[in-house]
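**Student:** For reference, the structure I am asking about is given below.
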Amino acid sequence: MTELKSFSISRDLKAPRALVYEVLTEAKHLANWWSAEGFRTIYSAMDFRVGGTYHYGLEGPGGMQMWGLQRFLEIAPKERIVLIQSFSDRDGGLARHPMAPDWPLELLSTTTFADIAPGMTRITINWRPYNSDEAGIRAFEAGRPSMTGGFDGTFKKLETYLAGLQGE
């Protein structure tokens, strides 16, 4: 089997850790920023607890829809969230990536929060295929540049949203 290195991306945010954690753990906030540039949230429902889920729908250019599902495995408030990230259908069932059929059905995702200065928080997200076959691992490896681009756009939306919440 292919040796796998996690995909990891971090962003330093001008906001206190409690606020960053809040906007990542409440559907009303996620609906405002959790999508790549050019996409908007069309559905957002969360049961934030170990064993709970976040099911969301996104609409992109030309009306293309994508659905996602997160299943929470571990929650250490304001420190770490571990979940399984998947594409889904409108009803919350697992689905293949709409543009990459070999993409892993499940990714193990760990998000950490760290204070780096007063009022500054570093968020780090690590992804790796979970229960994947070789084709999924190859697709994941080939997708690193698009994951970086997608998260960069998502983080820009998060920065703008946090600034608005803080009256900046």
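**Student:** Consider Arg49 carefully, then state whether it is out of contact with any Lys or Arg (no Cβ under 7 Å at 6 or more places or on another chain), open to solvent by 40 Å² or more (accessible area, probe 1.4 Å) and charged (D, E, K, R).
**Tutor:** It is true that Arg49 is out of contact with any Lys or Arg (no Cβ under 7 Å at 6 or more places or on another chain), open to solvent by 40 Å² or more (accessible area, probe 1.4 Å) and charged (D, E, K, R).
**Student:** For Tyr21, which of the numbered conditions (1) open to solvent by 20 Å² or more (accessible area, probe 1.4 Å); (2) touching a residue at least 24 places away in the same chain (Cβ under 8 Å); (3) closer than 27 Å to Glu141 by Cβ fails to hold?
**Tutor:** (3)
**Student:** Then there is this: Considering the range 117-140 alone, what residues qualify as being more than 18 Å from Val23 (Cα to Cα) and among the aliphatic types (A, V, I, L, M)?
**Tutor:** Of everything in the range 117-140, those that are more than 18 Å from Val23 (Cα to Cα) and among the aliphatic types (A, V, I, L, M) turn out to be Ala117, Ala135, Ile137, Ala139.
**Student:** Still on this structure, I have one more. Any residue at all in the range 33-45 that is within 19 Å of Gly167 (Cα to Cα) and either open to solvent by less than 40 Å² (accessible area, probe 1.4 Å) or at pLDDT 95 or above (or both)?
**Tutor:** The answer is yes, given that some residue of the range 33-45 is within 19 Å of Gly167 (Cα to Cα) and either open to solvent by less than 40 Å² (accessible area, probe 1.4 Å) or at pLDDT 95 or above (or both).
**Student:** Another one. What is the number of the single condition among (1) without any contact (Cβ under 8 Å) to a residue 40 or more places away in the chain; (2) small (Gly, Ala, Ser); (3) on the phi > 0 side of the Ramachandran plot that Gly38 does not meet?
**Tutor:** (1)
The values are calculated or read from the model by the stated rules, or taken from the named source; none is laboratory data. It should be emphasised that the depicted structure is a prediction, and the values quoted were computed from it without experimental measurement. All Cβ positions, glycine included, derive from the backbone under ideal geometry; neighbour counts span all protein chains shown. With ligands, DNA and RNA removed, areas are computed over all heavy atoms of the protein, side chains included. Shrake-Rupley method; radii C 1.70, N 1.55, O 1.52, S 1.80 Å.
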